[in-house]
Amino acid sequence: MENTIHLSEPERLRRQKLADLHNLGINPYPAEEFKTTHLSTDLKAGFEANPEAEEWKSVSLAGRIMSVRDMGKANFAVIQDEAGKIQLYVRRDDICPGEDKTLYNQVFKKLLDIGDIIGIKGFVFKTQTGETSVHVSEFQLLSKALRPLPIVKEKEGETFDAVTDPEFRYRQRYADLIVNPQVRETFRQRSLMVKTIRDFLNAHGALEVDTPVLQNIPGGAAARPFITHHNALDIPFYLRIANELYLKRLIVGGFDWVYEFSRNFRNEGMDRTHNPEFTILEFYVAYKDYFWMMDFTEKMLEATAMALHGKTEIPVGDKLIDFKAPFKRISIFEAIEEKTGIDVSQMDEAGLREVCKKLHIEVEDSMGKGKLIDELFSEKCEGSFIQPTFIIDYPVEMSPLTKKHRSKEGLVERFELMVNGKEIANAYSELNDPIDQRERFEEQVRLMERGDDEAMFIDHDFLRALEYGMPPTSGIGIGIDRLAMLMTNQASIQDVLFFPQMRPERKAESKEEAE
C-alpha cells in the first residue's frame with residue numbers, strides 16, 4: 001500500500017509526474033516494440049567517417065536521459081544506451097508541428113526526468129561546436145524512472161566524479177552500471193576473457209559439458225560446503241564445492257578432453273579475493289601429465305592477455321605483469337626455504353608445528369602435516385610471487401586426488417599457478433589408482449574426525465568409477481573471477497562479479513530514518 005512506502009521528496013514528485021502522464025493519456029510503460037537503427041557510438045563513428053551518407057537522414061535510437069539543458073523553445077539532452085552517449089537537439093516546433101504544444105511544453109519540459117528512458121527519431125548533424133548530435137523529430141517515453149539516479153559530475157563528456165561508494169555500487173549494481181560506464185567495460189572484458197578461453201579450448205578439441213550443482217557428496221576439494229535438503233527424497237544435498245570428480249567420471253566413460261565453466265559454492269570467509277559463490281574453469285585431458293598442463297596453461301593465458309590487451313604485459317595496480325610463456329617453476333619446499341631460510345622437506349608434523357610457532361603462524365590442533373605446510377607457504381611465500389610462477393611438487397599429504405611423483409618420494413605431481421601474490425590455478429597429474437585413492441580418502445576421514453571441517457568425504461561411486469579404469473589424465477582448475485581481476489586490473493573480486501554476496505540490507509524502521 002502507498003502509505004507504507006517511505007518516499008523522499010524527489011520520489012514523491014516523480015510519482016506525481018507519473019500520475020500527470022496518465023491523466024494526459026500517455027502510457028509511461030508502453031508494450032509495443034521500439035525499433036532502433038543504431039547504437040550511439042556506432043552512429044557517431046559512422047557519421048564522422050561519411051557524413052553525406054543517406055542513412056543519417058533518418059535514424060532511431062533509444063536510451064536513458066542523462067542530462068538536459070533547457071534553452072526555452074529548444075533543449076539539448078544526452079541519452080545513454082548500451083554503447084555510450086549521444087547528444088540530442090529537441091526543438092518544440094519540430095516535435096509539435098501543429099498548434100498543440102502539449103507534448104513539448106508539458107511532457108518533455110515538465111514531466112520527463114533524468115533517468116527516464118525514451119525512444120527518438122530524427123536526423124544526424126553536427127552542432128556549431130562540432131559535436132555529432134541527433135535533431136529529434138519524434139520522441140516517445142518508454143519507461144518512467146521513479147527513483148533519481150546518483151549524482152555524477154561530468155565535464156566535456158568525461159566523468160570526473162564517479163560514484164565510488166562500494167556499499168552502494170555492489171548492493172545496487174544496476175544503478176552502478178548506469179552512472180559508471182567504465183564498470184560495464186569491465187564486464188565486457190570479463191566476457192571476452194571467457195570467450196577467448198572457451199574458443200582456445202574448443203580449437204584444441206575439448207568438449208564443454210555440464211555436471212550437477214546439487215551433489216550428495218561434496219567432493220573434489222578441501223572446503224566447507226553449503227548444505228540444503230531435498231524434500232521429495234528426504235535427504236541432504238550439498239551445493240558443489242568442485243566439479244572435479246564428475247569430470248573424471250566422464251574421462252572414465254571415454255571422453256578424452258572435457259571442460260566446464262562451473263559455478264561453485266564454499267561456505268567460507270569473504271574478502272577481496274573470496275566470494276562464497278564463484279566461477280572456476282576445470283578441464284581434464286586423458287593421456288597427459290602435469291608437465292603438459294603447465295605448457296598448455298602458459299599458452300592459453302598468453303593468448304588471453306593478447307586478446308584483451310594486444311600484448312602479454314598488462315597493468316595490475318602499480319605493477320606490470322607479463323603473461324609471456326614460459327613461466328617460472330619452483331617447488332613448494334624450495335619456495336619455503338627461499339623465503340624463510342628453513343628446509344621443511346624432511347620434517348614431521350611435530351617439527352612443522354615448531355616452525356610455525358617460531359615464525360608466529362597460528363595453527364590449529366586439527367591441522368595435519370599437509371595443512372601445516374599449506375599455512376607456511378600461504379603466510380610466508382604466496383604473496384611474494386608477482387609474476388606468473390608455477391609452484392610445483394607438493395607433499396602427498398596436501399593432495400589427496402593427485403598421483404604420486406614419478407621420481408620424488410613423498411611428493412605428488414601437482415602445481416599451483418601464482419600471479420600477483422594469489423593462487424590462480426591448481427593442477428595435477430590425476431590419481432587413477434583406485435586402491436591408493438581409497439587410502440587417501442580414508443586419511444581425509446581421519447582428519448575430519450580430528451575436527452578438520454574442510455577434509456574430503458569418501459565418494460564411493462567415484463571409487464567405483466576408477467575401478468573400471470581411468471587413463472592417465474591431467475586436470476586443472478582455474479579461478480575465473482581472480483583471473484578476471486588480473487585481466488581487467490581490478491583490486492577486488494566484488495568488482496568482477498555483477499552481484500557479489502553481501503549482508504542483508506538493513507531496512508529503515510521509521511519514516512524519519514528513511515528520509
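The values are calculated or read from the model by the stated rules, or taken from the named source; none is laboratory data. Remember, it's a predicted structure, so these values are computed and weren't measured experimentally. A quick note on method: Cβ atoms are made from the backbone with ideal geometry, for glycine too, and the neighbour counts reach across all protein chains shown. Accessible surface is based on the protein model in full, side chains and every heavy atom, while ligands, DNA and RNA are left aside. Shrake-Rupley method; radii C 1.70, N 1.55, O 1.52, S 1.80 Å.
Of all the criteria given as (1) open to solvent by less than 60 Å² (accessible area, probe 1.4 Å); (2) under 17 Å from F377 (Cβ atoms); (3) of a type outside the set (F, W, Y); (4) at pLDDT 95 or above, the one not satisfied by M347 is (4). Suppose the filter is touching a helix residue (DSSP H, G or I) at 6+ places or on another chain (Cβ under 9 Å), open to solvent by 50 Å² or more (accessible area, probe 1.4 Å), modelled with pLDDT of 90 or more and farther than 27 Å from G479 by Cβ; does R438 pass it? In short, yes.
Would you confirm whether or not the stretch 348-356 contains a residue that is part of a helix (DSSP H, G or I), more than 30 Å from D322 (Cα to Cα), in contact with a Pro (Cβ under 7 Å, 6 or more places away or on another chain) and in contact (Cβ under 8 Å) with a residue 24 or more places away in the chain?
Taking the stretch 348-356 first, the residues part of a helix (DSSP H, G or I) are 349-356.
Subset that is more than 30 Å from D322 (Cα to Cα): 349-356.
Subsequent filtering for residues that are in contact with a Pro (Cβ under 7 Å, 6 or more places away or on another chain) retains none.
The answer is no; no qualifying residue exists.
I'd like to check something: does the stretch 404-411 contain any residue that is within 32 Å of the chain's Cα centre (by Cα) and either open to solvent by less than 30 Å² (accessible area, probe 1.4 Å) or touching a residue at least 60 places away in the same chain (Cβ under 8 Å) (or both)? No: zero hits. Elements of the type strands (runs of 3 or more DSSP E) sitting completely within the stretch 53-138 and holding at least 3 residues that are open to solvent by less than 70 Å² (accessible area, probe 1.4 Å) and more than 27 Å from V183 (Cβ to Cβ): these cover 117-126. Listed conditions (1) surrounded by 19 or more Cβ atoms within 10 Å (Cβ to Cβ); (2) in contact with a Leu (Cβ under 8 Å, 6 or more places away or on another chain); (3) among the β-branched types (V, I, T) are all met by V363, apart from (1). One residue stands out among those in the stretch 185-219 that are of a type in the set (G, A, S) and closer than 24 Å to L301 by Cα: the one that is surrounded by the most Cβ atoms within 10 Å (Cβ to Cβ), which is A206. Taking the condition on the phi > 0 side of the Ramachandran plot, of a type in the set (F, W, Y) and open to solvent by 30 Å² or more (accessible area, probe 1.4 Å), does Y246 pass? Judged against the criteria, Y246 is not a match.
Do we find a residue being open to solvent by 50 Å² or more (accessible area, probe 1.4 Å), touching a Ser or Thr at 6+ places or on another chain (Cβ under 6 Å), assigned to a helix (DSSP H, G or I) and basic (K, R) anywhere in the stretch 323-330? Let's see the steps before the verdict.
Within the stretch 323-330, the first condition is being open to solvent by 50 Å² or more (accessible area, probe 1.4 Å), and the residues that meet it are 324, 326, 328-329.
Now narrow it down to the ones that are touching a Ser or Thr at 6+ places or on another chain (Cβ under 6 Å): 324, 328.
So of that shortlist, the ones also assigned to a helix (DSSP H, G or I) come out as none.
The answer is no; no qualifying residue exists.
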